[in-house]
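Okay, structure first, notes after.
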Amino acid sequence: MSETDKKKLEEFIRVDHAGERGAIKIYEGQLLALNTICKDDTLRKTIEEMREHEREHCDYFEKEIKRRDIKPTKFLPLWDLLGVGLGFGTTLLGKKAAMLCTASVEEVIDEHYQSQINQIQDDEKELKEKIIKFREDELHHKDIAYEKGASKEGVYSILDKIIKTGSKIAINISEKI
């Protein structure tokens, strides 16, 4: 494997670890709001189920970081804080906004994972298969979010753009630092 390919794989794993951890934090923020202010047991159960998928994904990348001796992004504490804040804040805005948060993030992750899948070589078959599986889980979360009321109509289109822009910025930073 060339040094360039090795560096690219390290970036993939670093950013995927940060992203999956960020997803957990978004869901934790949503659950904090749902358990304290915006009581909705049905939505809470849905989010708890999606959070479990994210934990599985994060655990995999956590192991890969250790196994390959990759430094996680230095921004993890900031991403944790912003993730909880985003989840909490969108849930305070209501169910549509909470579900749009999931849909918007998952749409960015779909493109991000597909790009990685297209670049990973055959000598990294297990990693590629995991990312394919995780992408499918993320697409399922997006579908659930739309089924549960996510909307991009009216002011929600602005929220969608803000969330997607923030997600893309976090991806770009986490790949490198």
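FYI, it's all coordinate maths here, none of it is from the lab. Note that the structure is predicted; figures quoted are calculated from it, not measured. Here the Cβ positions follow ideal geometry from the backbone for every residue, glycine too, while neighbour counts run over all protein chains shown.
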Legend entry - Degrees between helix 76-92 axis and first principal axis of the chain (Cα, 0 to 90, nearest 10): 30 degrees
Legend entry - Cα-based helix-to-principal-axis angle, 125-147 vs the chain, degrees rounded to 10: 10 degrees
Inset, instruction - Compute the length gained on full extension between K168 and D123: take 0.36 nm times their separation in residues and subtract their Cα-Cα distance, giving the result in nm to one decimal. - result: 13.4 nm
Inset, instruction - Specify the angular offset, from 0 to 90 degrees and rounded to the nearest 10, of the alpha carbon long axis of helix 41-67 from the longest principal axis of the alpha carbons in the chain. - result: 20 degrees
Legend entry - Label point distance in nm, E3-E56, each placed 7 Å from Cα along Cα→Cβ: 3.9 nm
Legend entry - Which of C38, C58, C101 has the fewest Cβ neighbours within 10 Å, and the rest in rising order: C38, C58, C101
Legend entry - Residues of the range 4-30 with amide N under 15 Å of the 7 Å Cα→Cβ point at D69: 7, 10
Inset, instruction - Treating only the Cβ atoms of Lys and Arg (+1) and Asp and Glu (-1) as charged, compute the dipole magnitude of the chain about its Cα centre; round to the nearest 20 debye. - result: 600 debye
Inset, instruction - Multiply the residue separation of Q114 and L78 by 0.36 nm, subtract the distance between their alpha-carbon atoms, and state the gained length in nm to one decimal. - result: 10.4 nm
Inset, instruction - Compute the separation of the alpha-carbon centres of the range 136-177 and the range 8-35 and state it in Å as a whole number. - result: 12 Å
Inset, instruction - Identify, among I13, Q121, A23, the residue whose Cα sits farthest towards the positive end of the charge dipole of the chain, taking +1 on the Cβ of Lys and Arg and -1 on the Cβ of Asp and Glu, with the dipole about the Cα centre. - result: A23
Inset, instruction - Taking the Cβ of each residue in V105, V84 as the centre, tally the other Cβ atoms inside 10 Å and list the residues starting with the fewest. - result: V84, V105
Legend entry - Cα gyration tensor shape of the range 71-140, rounded if a/c is under 1.5, else prolate or oblate by comparing a/b with b/c: oblate
Inset, instruction - Could you pull out the trypsin sites (Lys or Arg not before Pro) across the range 44-130 that fall in loop regions by DSSP (anything but H, G, I, E, B) with no more than 15 other Cβ atoms inside 10 Å? - result: R68, K74
